[in-house]
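Structure first, then comments.
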Amino acid sequence: MSVSRWPAVLGVISIVLGAGGSLNGCFQLGFLALMPFLMDLAEAASQGAAVSTETIDAAQRFMPWTIALNAGSFVVAVMLLVAGIGLLRRRRYGVRWSVIWAWARLAIVLPQAWLGYVSSQAQFAAMSVQPGPGPVPPVFGLMTGMALVFVVLYAIWSASYPVFTLIWMHRGAVKHETMTWA
């Protein structure tokens, strides 16, 4: 009987996605930690010119949600990394962690999509009341529509690998094979 290749394929994919997601989570959380410092730099760079704070205020309203979801995404990415290592080594914990990761990822995708849409709408609304030249009102309608399209695409793309994982891991042949793993 030949050795199946799917554990190595899914293991490598999961390791690459998990490592990338972990690094992204570190960068996102690091950037959020530097936000107050960057805001001070922006004020200093304006050299006394009037700085519109509407967009900054709109972004800061969602900061607790942003931090929580980025931290959650980091944890979920580490879970995928662990699952990938388990699959690559043909260990049962790899299957268990893959399923747990898939449900956790699906649980975090919708709040992330919602936050992306709501915060972008707040940003667009804040930009529309800023003084000076800016996008004409019809552009804001286009931006709102594009934001919705991007949020839907994000949700679909982000859910694709977890949904595939859940379907794959619940196949009878996969369950039968993984029962023999240590």
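The values are calculated or read from the model by the stated rules, or taken from the named source; none is laboratory data. Values in this document were obtained by computation on a predicted structure and should not be read as measured data. As a convention, Cβ positions derive from the backbone with ideal geometry for all residues, glycine included, and neighbour counts pool all protein chains shown.
Which pairs do you get when a residue that is closer than 18 Å to Glu54 by Cβ and of a type in the set (Gly, Ala, Ser), found in segment 127-151, comes within reach of a residue that is modelled with pLDDT of 80 or more and surrounded by 14 or more Cβ atoms within 10 Å (Cβ to Cβ), reach meaning Cβ atoms under 7 angstrom, with the pair 6+ apart or on two chains? Qualifying pairs under 7 Å: Ala147/Tyr117; Ala147/Ser120; Ala147/Gln121. Residue count for segment 62-83 satisfying the condition of being at pLDDT 95 or above and not in a helix (DSSP H, G or I): 0. Number of residues in segment 161-182 that are assigned to a helix (DSSP H, G or I) and exposed (fewer than 11 other Cβ atoms within 10 Å of the Cβ) equals 3.
Applying the criterion of being in contact with a helix residue (DSSP H, G or I) (Cβ under 7 Å, 6 or more places away or on another chain) and among the polar types (S, T, N, Q) to the residues of segment 25-61, the residue that is modelled with the highest pLDDT is Gln28.
One residue stands out in segment 84-129 among those that are in a helix (DSSP H, G or I) and basic (Lys, Arg): the one that is farthest from Phe74 (Cα to Cα), namely Arg92.
What single numbered condition from (1) within 26 Å of Ala58 (Cβ to Cβ); (2) modelled with pLDDT of 95 or more; (3) not in a helix (DSSP H, G or I) fails to hold for Pro135? Going through (1) within 26 Å of Ala58 (Cβ to Cβ); (2) modelled with pLDDT of 95 or more; (3) not in a helix (DSSP H, G or I) one by one, Pro135 breaks only (2).
Scanning segment 92-108 for residues that are surrounded by fewer than 18 Cβ atoms within 10 Å (Cβ to Cβ) and of a type in the set (S, T, N, Q) gives no hits.
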